[in-house]
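Step one of this worksheet: look at the structure below.
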Amino acid sequence: MRLLTKVEQQLNKLIRLDQDAVKRLSAISGQIILLELLNTEFIVYLVPSGSGIRLLSESREKPGVSIRATPGDMIAYLLHSRQSSGSLEIVGDVGLAQTFQSIMQDIEMDWEEQLAVWFGDSLAHQMGRMFRGGFDLLQDTHHKFQQDISEYLRFEKNLSLEKSEMAEFINDVDILRNDVERLKLRVERLRKSEKLN
């Protein structure tokens, strides 16, 4: 069995756990969404329907929307709705991309219930707590890392400006532009007066 088929089966098992997601996917049934992971050779065509999502390695039909991003930004875009690092590119029907993103982000499933099938209620509950704690820690760490990088660039390397510094710089540029315009007019007047003499 091909890897793409296995991934499709697992994805659809998860989607079917949320009947609202299945209904919403049927609303964009037959549309083609191209996902391309930058810096890899991974390209997949997604075809939503009322029974889930088909994953295709190629399509003769033109996709309604193409979404290109690095792997991390693609996961963030589809699942977590955090800001990407800037590699995300959407070409085509942006409304279709937003609808698909919303469906993927809103998929709700009781992970503990799914784990309980395999490990029992007590262990599933403990695992759920552990995963929630780990996810919270990951989010906190990511936020702290972004703050640290921002402060390092701003204060240690002087590579970014505070808003007040930027406003002051823009004001200085405006003053300089006005001074240059006045000087230009004065030079023109002097040239004209020299020609008359």
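Quick one: which residue in Ser81, Ser49, Ser66 is surrounded by fewer than 16 Cβ atoms within 10 Å (Cβ to Cβ), modelled with pLDDT of 85 or more and under 19 Å from Ile103 (Cα atoms)?
Selected residue: Ser49, the only one of Ser81, Ser49, Ser66 that is surrounded by fewer than 16 Cβ atoms within 10 Å (Cβ to Cβ), modelled with pLDDT of 85 or more and under 19 Å from Ile103 (Cα atoms).
Does region 22-33 contain any residue that is touching an Asp or Glu at 6+ places or on another chain (Cβ under 7 Å) and in a loop (DSSP other than H, G, I, E, B)?
Yes.
Take the residues of region 13-40 that are farther than 16 Å from Val94 by Cα and β-branched (Val, Ile, Thr): which is modelled with the lowest pLDDT?
Selected residue: Thr40.
The values are calculated or read from the model by the stated rules, or taken from the named source; none is laboratory data. Nothing here was measured: the structure is a model prediction, and the numbers come from that model. As a convention, Cβ positions derive from the backbone with ideal geometry for all residues, glycine included, and neighbour counts pool all protein chains shown.
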